[in-house]
Each structure stands twice: as structure tokens, then as C-alpha cells.
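What follows is a single structure, written as C-alpha cells, with notes after it.
Every number in this text was worked out from the coordinates using simple rules, so none of it is lab data. In this text, all values refer to a predicted model and were calculated from it rather than measured experimentally. FYI the Cβ positions are ideal-geometry reconstructions off the backbone, even for glycines, and counts take in every protein chain you see.
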């Protein structure tokens, strides 16, 4: 199958250019927020909790903080990217362009995932100014960055198509993703929870993402690595299936 790389590149470059136009919102604000988390959790709480799972508390929360920004920004970037053509009415030009659904998805999701990965790496570099970080498995770390960014960019793409107002773009990130991330072991290991709540925590899909990502840093895990990877790939597969269904049925693409 021949892909229309010119059309894909045009959409990709446009979406990446939007990041430069909204630099404060896209990059600077998340980095400042993460720095504040380090001050509050790393310094205040870290002074009372010196270590967790054999790692200094400040370093322990780094993967969780990166994942928190990665999930929210992936969804935000992708949802806004596809929602604006719907809002402005240019979605009809996009759908009538010589671009297949696959090419449209790759362009928007690829741009959103790229921005999220860049942000995640910037936050990682920022974290080194606060704590000493080691990455035991850098290839796994990059793999989880890529898988998570693509998966949640797909989810954001779905939200952008589903939403019929700007307020709905924020519903899922604020009311679902952020709470799940906070409760998914971003700032603690679920092993410190009572047995009953450990079982409840395993119902939270974000636990598997954070556990696998943290393992790539410190070789410690709340859930078996292969289980985490399997769950991550499952989320990706479900997201891909949902997007395929949307384009096959035309669900809200022209509304």
C-alpha cells in the first residue's frame, strides 16, 4: 500500500507548529507543574519518607510524574488536534482530501505522540536537577514512552471525535485519567497498601503502565513486567480497534 507522505507530512508539520504557537501551554506549563510536584512531594514528603523499594523517594516518583504528564498531554494534544477541524468545519476538506483513514490517523496521532515524547524527555532532564536518577533499561524506557504516547494519543483522538464542545475535551483527562494516575502508584508502591486495596488497585489500568515504566528505571515493579507489557499492548489494540470502527461507521466525523 502506497502512503501519501506529502499529505501526512503536511498535517504532521501543522500540528507540530501548533506546539510552537502554544509553547507555554504545551511545554512550559507541564514542566513547571512537574517541578512543583518535586518541591511538594519530593522535598516535603520525601523528608519523612527517605526511601521506597530501596530507592530515594524523590527518585522513586520520577517515572510516575513523567507518566502523569505523558497521559494527560497525549490525550490533550490529540483531542484538540482533531477537534479543531470539526469545530471550524475544515473536517470536510480533510475527509475529501486524497488521504486514507490510516494516513489521517498516523498524521494526527504521530504528531501528538511525538510532542508527548519530547515533553516526557524534557521532564526527565528537568528531574535530574532535583534528584539522582538511574535508568537500568533505557531501551525499555523508550519503548514504554512510545507505547504509552501512541496509545493515549489514540484515546485523545477518539475523545476529539466524540466531543461536541470544548468542555467535553477536558472531561476524561480531568475526571478519569488524572485521578487514575494519582491512584495508580505514581507517588507510592501499591505494595504498601493493605492486601484488599492492592487487589482493588490492580483494577486500575494505569497501575500497569506506571509499574512497567518504573521497572525500566530501577528494576522494581508492582506488577510482573510481562503482565504490564501485555496490558499496555491490550490498551493499544483496543484503541486501534475503536478508531477503525469510527472511520468505518463515520461516527461523529461529520457532526
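Of the labelled figures (i) 0.93; (ii) 0.97; (iii) 0.99, only one reflects Rg/Rh (Cα atoms, Kirkwood Rh) as derived from the coordinates, namely (iii). Note the angle between two axes, namely the Cα long axis of helix 205-218 and the longest principal axis of the Cα atoms of the chain, as a number of degrees from 0 to 90, rounded to the nearest 10. Helix 205-218 and the main axis of the chain meet at about 60 degrees. Model label points for residue 21 and residue 139, set 7 angstrom from Cα along the Cα-to-Cβ axis, are 4.1 nm apart.
Work out how much length residue 198 to residue 252 would gain on full extension: take 0.36 nm times their residue separation and subtract the Cα-Cα distance, in nm to one decimal.
15.5 nm
Across all directions, the average flat footprint of the convex hull enclosing the Cα atoms of region 95-213 is 9.9 nm².
Rounded to the nearest 10 degrees, the inclination of helix 62-88 to the longest alpha-carbon principal axis of the chain is 20 degrees.
How high is the relative contact order of the chain, given as a whole-number percent (alpha carbon pairs under 8 Å, six or more residues apart)? Averaging sequence separation for qualifying contacts and normalising by length gives 26 percent for the chain. If you take the Cα centroid of region 58-86 and the Cα centroid of region 186-217, the two points sit 19 Å apart.
Full extension of the segment from residue 191 to residue 49, taken as 0.36 nm per residue of separation minus the current Cα-Cα distance, would add 49.6 nm. Relative to the longest principal axis of the Cα atoms of the chain, the long axis of helix 138-162 makes an angle of roughly 50 degrees. Ordered by the number of other Cβ atoms lying within 10 Å of each residue's own Cβ, fewest first, 167, 103 fall into the sequence 167, 103.
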